[in-house]
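> I have a structure I would like to understand better, so I am pasting it below and will then ask my questions one at a time.
The values are calculated or read from the model by the stated rules, or taken from the named source; none is laboratory data. Model, not experiment: these values are computed from the prediction. Positions of Cβ are generated from backbone atoms using ideal geometry, with glycine treated the same way; all protein chains shown enter the neighbour counts.
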Amino acid sequence: MIVKHLKIEEVFPNEENPRYIKDTNFLKLVKSLQDFPEMANARPLIINQENKVLGGNMRLKAMQEAGWITVPCIKVDWSEERQREFIVKDNASYGDWDFAELMKEWAIEDLKEFCIDFPQTDYNPNLMPSIDTNPVTEEDMEKANGKIGVGNGVADTLDVICPECGCEFHIKNS
């Protein structure tokens, strides 16, 4: 597929797109495109034959807000059914984040700026963790395992200790 740069006024947002972006995250997206415009070439907008966006609706709006003059696009010739299917599948989130891996390379503040949603926890970043430099033993794991189960064997919350920083927090088990 060939990426073409079209004048931004020639590309139309899809008003029927079922995805939306909240104000704070929209501003983060605008800033992200301003800071790293090459990213748009790596993920061009997907448009139909009428230049209506099928993939990248929020990016188009952010590019408009940022004052872009041209936008990278790939034009597809798909049936109406295929277009509708693509809009949903392109916006689906199939994977999950490995937060321990992410936090090895990135500060939490950076990840939040990238719009990474962290699981709801009781974690308070303003509290200084007490870091135990002794490794967790098999016996420690067995002791902790007995404390987790409640009621029907499923815990309401799980106590978690970050292997990198030693912070303790609780994850709601839903």
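> Any residue that is part of a loop (DSSP other than H, G, I, E, B), touching a strand residue (DSSP E or B) at 6+ places or on another chain (Cβ under 8 Å), farther than 18 Å from I8 by Cβ and of a type in the set (V, I, T) - is there at least one of those in the range 81-90? First the steps, then the outcome.
Our first condition is that a residue be part of a loop (DSSP other than H, G, I, E, B); within the range 81-90, this holds for none.
Checked against the condition, which is being part of a loop (DSSP other than H, G, I, E, B), touching a strand residue (DSSP E or B) at 6+ places or on another chain (Cβ under 8 Å), farther than 18 Å from I8 by Cβ and of a type in the set (V, I, T), the range 81-90 yields no hits at all.
> Going residue by residue through the range 42-59, is there one that turns out to be in a helix (DSSP H, G or I), surrounded by 13 or more Cβ atoms within 10 Å (Cβ to Cβ) and of a type in the set (D, E, K, R)? Give the steps one after another, and end with the answer.
Taking the range 42-59 first, the residues in a helix (DSSP H, G or I) are 42, 57-59.
Checking which are surrounded by 13 or more Cβ atoms within 10 Å (Cβ to Cβ) leaves us with 57-59.
Filter once more, so that each one left must be of a type in the set (D, E, K, R): 59.
Yes, there is a match, as at least one residue in the range 42-59 is in a helix (DSSP H, G or I), surrounded by 13 or more Cβ atoms within 10 Å (Cβ to Cβ) and of a type in the set (D, E, K, R).
> Which residues, counting only those in the range 34-64, are among the acidic types (D, E) and at pLDDT 95 or above?
E50
> Separate question: Being outside any loop (DSSP other than H, G, I, E, B) and either among the polar types (S, T, N, Q) or surrounded by 15 or more Cβ atoms within 10 Å (Cβ to Cβ) (or both) is the filter here; which residues of the range 10-36 pass it? Outline the logic, then answer.
Of the range 10-36, the ones outside any loop (DSSP other than H, G, I, E, B) are 10, 12, 23-35.
Across the range 10-36, the qualifying residues are T24, N25, F26, K28, L29, V30, S32, L33, Q34.
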